[in-house]
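A.B. asks: Handing you this structure, nothing more for now.
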Amino acid sequence: MTGTTRSTGSGDTTAAAGTATPRILVVGSGPTGLLLAGDLATAGLPVTVIEKRPHGISNLSRAFVLHARTLEQLDARGLADDLESAGQPLDRLRLFGRLTVDLSALPSRYRHLLVLPQYEVEKALERRAVEAGAGFRYETELVGLTQDADGVTVEVRGPEGRTETLRAAYVVGADGMRSAVRQAVGLPFPGRSVIRSVVLADVRLAEEPPTVLTVNAVGDAFAFLAPFGDGYYRVIGWHRGRNVPDGEPLDLAEIKEITRLALGRDFGMHDARWMSRFHSDERQAPAYRVGRVFLAGDAAHVHTPAGGQGMNTGLQDAANLSWKLAAVAGGHADPALLDTYQAERHPVGRAVLRSSGGIVRLAMAKRPWTLAARGALTAFLDAVGPARRKVAGRITGIGYRYPAPRGAHPLTGARVPDVDLAGGGRLYEALRGGRFVLITPEPYEAGAGRAGRLAVARWASGRRTTLLVRPDGYAAWAADSAGQAQTEAALALHLGPATPTAPADPAAQAAPTPAAPAAPTAPSE
């Protein structure tokens with residue numbers, strides 16, 4: 001065997017090309033890959049996760065924040081409540097030392113961000129994926145990839161150096177900034193390093209910080225503190241004058257000095273259990289799909305840690321892609337549906353690069369004109385409520401919507417909040433299992449061919465709109481006065497016919513060669 005294999009279901013079964021439920025390979029077992037694997041396995045698809053690291057969740061993660069939109073996605077998978085109990089909520093963000101972004105008025109069930117180490121999120125997502133039947137192959141590295149009209153052939157190397165060939169209908173690269181999948185399909189990763197010699201450490205503190213998340217930038221220094229919950233804190237710092245290679249030795253004295261400059265004191269840091277340097281890049285692949293191969297998370301885009309949007313953006317990539325792959329591979333949708341992943345997520349990734357990069361540049365402003373611009377922007381956002389709410393929507397992810405066809409109902413493409421349903425349920429509970437949800441003013445019969453893929457509910461209020469919600473919580477279709485025929489036509493378009501039919505061969509349907517990526521449409525709010 002070429003790697004540690006762990007499976008509780010059919011995820012490690014190699015399905016031959018042309019079968020009704022072909023295997024999907026996910027490369028990378030970070031949060032993005034784990035959410036994807038869990039969704040695909042829940043949909044009944046054989047899925048295998050390939051990970052070059054040994055099994056075991058590392059606590060040396062950089063991400064520490066779950067935002068409102070991500071918490072909604074995790075709620076739709078039954079995970080949010082447990083993660084909420086393990087983390088610490090924070091209902092406001094402070095930027096530039098003066099601007100407070102109040103999250104308590106967000107139009108969401110989660111009117112806060114959740115301070116929680118990435119490894120806790122990974123534990124929950126891995127447990128869900130294993131329980132759903134996903135297979136895992138650790139200490140297994142992708143070293144080659146080719147694709148044809150019927151599928152993808154992947155060459156992997158295990159811990160003993162032996163190579164093996166695997167076959168799948170689709171491959172998703174969720175393998176980080178240095179993605180082997182992205183390199184194998186020949187996609188560039190244009191961009192640049194924005195901040196060099198950022199320092200990280202896990203430390204104990206003699207003094208407890210006054211807030212859950214402590215962050216500030218003063219002059220040439222920036223520092224961030226967040227708790228692990230086990231007595232240790234993660235500290236991230238940067239000093240403009242300390243621009244050294246990542247491999248330069250690092251000691252606690254340097255970290256304490258940067259923290260004192262940025263925060264005014266070092267809170268009595270001691271007993272560092274881990275220290276490291278890294279550099280922060282802004283990069284984005286021009287395409288998230290090449291034929292049967294997809295990129296998600298850091299394999300598709302990386303940006304500065306400002307605003308804590310990295311892990312969140314990757315998880316939302318996964319939520320967008322997983323139901324589409326499940327529908328096409330399961331024979332319920334035309335392969336053209338997979339093109340919408342690029343159209344919907346690439347503009348969001350580009351917007352996150354701009355917003356996170358803008359926060360960093362303003363936070364580290366030094367020249368008089370940049371300081372003046374930051375002061376003017378802060379004053380404007382403090383005074384103008386809609387602008388402040390737009391910033392909150394961008395950072396938390398709830399403000400984005402996807403492009404809709406010309407003439408579509410205004411709700412189409414919009415994120416749907418967690419509305420109450422008749423009988424005491426909630427929308428995001430009804431979405432669990434990767435289902436569409438049809439919300440109607442009157443009873444409606446779903447049809448046998450949609451069993452397990454569609455939940456039908458009624459509004460708890462007297463609203464008369466008929467609304468079809470996608471598995472990722474965005475509106476697929478809506479009508480203010482829909483008749484039976486109009487609703488049935490919408491369901492047939494998005495879910496297939498109401499009576500069971502033999503599934504099409506998804507391996508034979510997909511385009512074997514990549515098309516030139518369309519110019520992405522800017523996301524709106």
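The values are calculated or read from the model by the stated rules, or taken from the named source; none is laboratory data. Since we're looking at a predicted model, the values are computed, not measured. Cβ atoms come from the backbone with ideal geometry, glycine included; neighbour counts cover every protein chain shown.
A.B. asks: Consider region 226-241. How many of its residues are small (Gly, Ala, Ser) and either surrounded by fewer than 22 Cβ atoms within 10 Å (Cβ to Cβ) or not assigned by TED's automatic domain parsing to the domain that holds Leu261 (or both)?
C.D. replies: Final tally of qualifying residues: 3.
A.B. asks: Can you tell me which residue in region 147-194 is farthest from His303 (Cα to Cα), limited to those that are among the basic types (Lys, Arg) and touching a residue at least 24 places away in the same chain (Cβ under 8 Å)?
C.D. replies: Arg162
A.B. asks: So for region 35-50 (the condition being under 15 Å from the mean Cα position of the chain (by Cα), closer than 25 Å to Tyr232 by Cβ and surrounded by 21 or more Cβ atoms within 10 Å (Cβ to Cβ)), does at least one residue qualify?
C.D. replies: no
A.B. asks: Identify, please: which residue in region 10-29 is modelled with pLDDT of 95 or more and of a type in the set (Gly, Ala, Ser) and is, among those, surrounded by the fewest Cβ atoms within 10 Å (Cβ to Cβ)?
C.D. replies: Ser29
A.B. asks: Here's something else I'd like to know. Could we say that Thr140 is without any contact (Cβ under 8 Å) to a residue 60 or more places away in the chain, of a type outside the set (A, V, I, L, M) and not assigned by TED's automatic domain parsing to the domain that holds Met275 here?
C.D. replies: Here the answer is no, as Thr140 does not meet what is asked.
A quick yes/no check of all residues on (1) within 23 Å of the chain's Cα centre (by Cα); (2) at pLDDT below 95; (3) under 25 Å from Phe278 (Cα atoms):
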residue: Phe136; (1), (2), (3): yes, no, no
residue: Gly144; (1), (2), (3): no, no, no
residue: Gln147; (1), (2), (3): no, no, no
residue: Asp150; (1), (2), (3): no, yes, no
residue: Val156; (1), (2), (3): no, no, no
residue: Gly161; (1), (2), (3): no, yes, no
residue: Ala168; (1), (2), (3): no, no, no
residue: Val172; (1), (2), (3): yes, no, no
residue: Met177; (1), (2), (3): yes, yes, yes
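A.B. asks: For Phe189, are the conditions met, namely being within 21 Å of the chain's Cα centre (by Cα), under 20 Å from Val26 (Cβ atoms) and in a strand (DSSP E or B)?
C.D. replies: Criteria not met by Phe189.
A.B. asks: Between Ala318, Ala299, Ala329, which is farther than 25 Å from Leu66 by Cα, surrounded by 24 or more Cβ atoms within 10 Å (Cβ to Cβ) and not assigned by TED's automatic domain parsing to the domain that holds His494?
C.D. replies: None of the other options fit; the residue is Ala329.
A.B. asks: Does region 422-460 hold any residues that are assigned to a strand (DSSP E or B), under 24 Å from Gly397 (Cα atoms) and of a type outside the set (Lys, Arg), and which are they?
C.D. replies: Scanning region 422-460 gives Phe436, Val437, Leu438, Ile439.
A.B. asks: Let me ask something additional. Only one of (1) free of Cβ contacts under 8 Å to residues at least 40 places away in the same chain; (2) surrounded by fewer than 24 Cβ atoms within 10 Å (Cβ to Cβ) fails for Ser276. Which number is that?
C.D. replies: (1)
A.B. asks: Name the residues in region 322-344 that are touching a Pro at 6+ places or on another chain (Cβ under 7 Å) and closer than 17 Å to Val26 by Cβ, would you?
C.D. replies: Passing the criteria: Trp323, Val328, Ala329, Gly330.
Residue-wise test of (1) farther than 25 Å from Asp39 by Cβ; (2) in contact with a helix residue (DSSP H, G or I) (Cβ under 6 Å, 6 or more places away or on another chain); (3) at pLDDT 60 or above; (4) of a type in the set (Gly, Ala, Ser).
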| position | (1), (2), (3), (4) |
| --- | --- |
| Ala329 | no, yes, yes, yes |
| Ala333 | no, yes, yes, yes |
| Tyr341 | no, yes, yes, no |
| Arg345 | no, yes, yes, no |
| Ala351 | no, no, yes, yes |
| Ser355 | yes, yes, yes, yes |
| Leu381 | yes, yes, no, no |
| Gly385 | yes, no, no, yes |
| Arg389 | yes, no, yes, no |
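A.B. asks: Kindly check whether there is at least one residue in region 333-348 that is out of contact with any Ser or Thr (no Cβ under 6 Å at 6 or more places or on another chain), more than 28 Å from Val391 (Cβ to Cβ), part of a loop (DSSP other than H, G, I, E, B) and assigned by TED's automatic domain parsing to the domain that holds Asp202.
C.D. replies: No, because not a single residue in region 333-348 is out of contact with any Ser or Thr (no Cβ under 6 Å at 6 or more places or on another chain), more than 28 Å from Val391 (Cβ to Cβ), part of a loop (DSSP other than H, G, I, E, B) and assigned by TED's automatic domain parsing to the domain that holds Asp202.
A.B. asks: Among the listed residues Ala80, Ala149, identify the single one that is aliphatic (A, V, I, L, M), buried (at least 19 other Cβ atoms within 10 Å of the Cβ) and out of contact with any Gly (no Cβ under 8 Å at 6 or more places or on another chain).
C.D. replies: None of the other options fit; the residue is Ala80.
A.B. asks: If Glu207 passes every condition in (1) within 24 Å of Asp91 (Cβ to Cβ); (2) under 27 Å from the mean Cα position of the chain (by Cα) but one, which one does it miss?
C.D. replies: If we test Glu207 against (1) within 24 Å of Asp91 (Cβ to Cβ); (2) under 27 Å from the mean Cα position of the chain (by Cα), just (2) comes out false.
For every residue, the table says whether it meets (1) of a type in the set (A, V, I, L, M, F, W, C); (2) in contact with a Cys (Cβ under 6 Å, 6 or more places away or on another chain); (3) not in a loop (DSSP other than H, G, I, E, B).
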{"position": "Asp202", "(1), (2), (3)": "no, no, yes"}
{"position": "Ala206", "(1), (2), (3)": "yes, no, no"}
{"position": "Pro209", "(1), (2), (3)": "no, no, no"}
{"position": "Phe278", "(1), (2), (3)": "yes, no, yes"}
{"position": "Asp281", "(1), (2), (3)": "no, no, yes"}
{"position": "Phe294", "(1), (2), (3)": "yes, no, yes"}
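A.B. asks: Let me ask something else. I need every pair where a residue in region 299-322 that is touching a residue at least 12 places away in the same chain (Cβ under 8 Å) has its Cβ under 9 Å from the Cβ of a residue that is polar (S, T, N, Q) and part of a loop (DSSP other than H, G, I, E, B), sequence separation at least 6 or different chains.
C.D. replies: So the pair list comes out as Ala299/Ser179; Ala300/Ser179; His303/Gln309; Gly310/Thr304; Met311/Ser61.
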